[in-house]
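Enquirer: Could you have a look at this structure, given as structure tokens, before my questions?
The values are calculated or read from the model by the stated rules, or taken from the named source; none is laboratory data. Since we're looking at a predicted model, the values are computed, not measured. In case anyone asks, the SASA skips ligands and DNA or RNA and just uses the protein heavy atoms, side chains included. Shrake-Rupley method; radii C 1.70, N 1.55, O 1.52, S 1.80 Å.
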Amino acid sequence: MKKIFARLMKDESGATAIEYGLIAALISVALIAGASQLGNVLNGQFSFLANQVTGSQTP
């Protein structure tokens, strides 16, 4: 029983998988936040351009 417990304590494959999962989750959150921010900036730019085009067409 001691050998099994000692082997289990030395096995780090589960910890490595959890670490990779956490890294992937953090990268995903960063990408989502960046894409959201980029979307807001692009929305503002397109709104500005639409207003400029609309304003230039009125007599």
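Enquirer: Kindly indicate which of 28, 56 is more than 18 Å from the chain's Cα centre (by Cα), of a type outside the set (Val, Ile, Thr) and open to solvent by less than 100 Å² (accessible area, probe 1.4 Å). So that I can check it myself, show each step before the final result.
Expert: Values: 28 fails: more than 18 Å from the chain's Cα centre (by Cα).
Matching residue, one of 28, 56: 56.
Enquirer: Same structure, new question: Select from region 1-25 the residues that are among the small types (Gly, Ala, Ser) and either within 20 Å of the chain's Cα centre (by Cα) or open to solvent by 100 Å² or more (accessible area, probe 1.4 Å) (or both) and list them in ascending order. Give the derivation first.
Expert: The first filter runs over region 1-25 and keeps only residues among the small types (Gly, Ala, Ser), leaving 6, 13-15, 17, 21, 24-25.
Hits for region 1-25 are 17, 21, 24, 25.
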